[in-house]
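Input: a single structure, listed below in structure tokens.
What follows is calculated from the coordinates using simple rules that are stated; it is not laboratory data. Here the structure is a predicted model, which is why all the values come from computation and not from measurement. Note that each Cβ is placed from the backbone with ideal geometry, even for glycine, and that neighbours are counted across all protein chains shown.
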Amino acid sequence: MNTRQLLKLFLIGALTLGAAAAWFTRDQRQINRTVNRLRDLVSKSQEEKAIGGLIRAKEISNCFATPVDVCLGDPWPDFKDRDSLAAAVHHGRSIAQTIQVTIRNRTLNISPDHQSATMDLAAEAAVTLSGGSLQDIREFRLRWVKNEGQWLISKVELKETIRRPDGLESTGL
Amino acid sequence: MTPKPSWLRRIVIGENPRRTLRAALGIGLLALVVFRFLLLPVRVQGASMEPTCRNGSLHFACMIAYMMKDPKRGDIVVISMSGRRTMYMKRVLGLPGERISFEAGRLRINGQPAAEDYLAGCGSWTMPELLLQSDEYFVAGDNRAVEIDRHTLGSVHRKNILGRILF
């Protein structure tokens, strides 16, 4: 076997490995892309127009499955359908002047049959309002389902590393 | 006879490049081990721990402090969230099995007032009594000027307490 043949073999091997890696991590990449998209959609710049806010709220709700179960913690109510979630997101975003969302500490577990997944993450939000600014960080567990090849969020649970005593209200974001 | 390396080269990579490379790799590896597993740099974000830890200040957490022993009251600890990139920094106020409450800003442990000499002011927090389970600690920030409903405080499991702030 000469050098040219060896090089060819190496290239074919590398391409096969690359394709296999891409194939086996496709679900992970799609879920991460959706999370990044959600982060960008929830974030808001000062230049955003009202119609843009409506479109974004609709796009945000499209990342969720039907039915859905979303618990974001105080002061938000629980959401059981995409329409009420979209309405609340639109309302919340319209109050804020700017929103900057950062996602950290992602941990993803995909089920062996590649039809469901669980992701733990910490979401940090910095919000400017007309009367000042707010900053909050919360942990969530996202449950995902694969629907016609698309990964959608079916459940959002609030994880509390620091468990607030019962009866103690929170007025965070 | 080989020419002597220039002064600039001697300063940057030394007279023996191979030895310099080995030393650089050794230092890099040591720094990686120290700052990832032993002494974790922590940048404070937020005013929850003021005045002890100012917003934006840099601190170091000893990640092996609780390998052999348990957290003590008064320790400033780092608490893991889903991972280690973002963590809580809080002070341990209550130990497992204790009853913790706040009355008009004063911390009470098992019904008795507790001294907190690290505080700038005691504020006006009021919280009903909470009984900690056998693996739970009560943590809160030092900034009592923040209203209790806007402050993250409560019980945390032992396994989430990763390390102690050294300085």
Scope region A:98-149; condition more than 14 Å from chain B (Cβ to nearest Cβ) and touching a residue at least 40 places away in the same chain (Cβ under 8 Å); matching residues: A:Thr98, A:Ile99, A:Ile110, A:His114, A:Ala117, A:Trp144, A:Val145, A:Lys146, A:Asn147
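Per-residue answers, yes or no, for (1) farther than 27 Å from A:Glu139 by Cα; (2) touching a strand residue (DSSP E or B) at 6+ places or on another chain (Cβ under 7 Å):
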| position | (1), (2) |
| --- | --- |
| B:Leu58 | no, yes |
| B:Met63 | no, yes |
| B:Pro71 | no, yes |
| B:Lys90 | no, yes |
| B:Asn110 | yes, yes |
| B:Met127 | no, yes |
| B:Leu131 | no, yes |
| B:Val146 | no, no |
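Within region B:46-146, which strands (runs of 3 or more DSSP E) (wholly inside it) include 2 or more residues that are over 17 Å from A:Ile162 (Cα atoms) and away from every other protein chain (no Cβ under 14 Å)?
On the way: elements: B:58-62, B:76-80, B:87-94, B:99-103, B:106-109, B:127-131, B:136-140.
Strands (runs of 3 or more DSSP E) meeting the threshold: B:58-62, B:106-109.
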Among the residues that make up region A:1-24, is at least one of them closer than 26 Å to A:Ile99 by Cα and touching a Leu at 6+ places or on another chain (Cβ under 9 Å)? no
Anything in region B:53-64 that is out of contact with any His (no Cβ under 9 Å at 6 or more places or on another chain) and surrounded by 21 or more Cβ atoms within 10 Å (Cβ to Cβ)? List them, or say none. B:Ala61
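Determine whether A:Val156 is more than 23 Å from B:Arg91 (Cα to Cα) and either surrounded by 18 or more Cβ atoms within 10 Å (Cβ to Cβ) or facing chain B (nearest Cβ under 7 Å) (or both). Step through it out loud before you land on a result.
Details: more than 23 Å from B:Arg91 (Cα to Cα): yes; either surrounded by 18 or more Cβ atoms within 10 Å (Cβ to Cβ) or facing chain B (nearest Cβ under 7 Å) (or both): yes.
Yes: the conditions hold for A:Val156.
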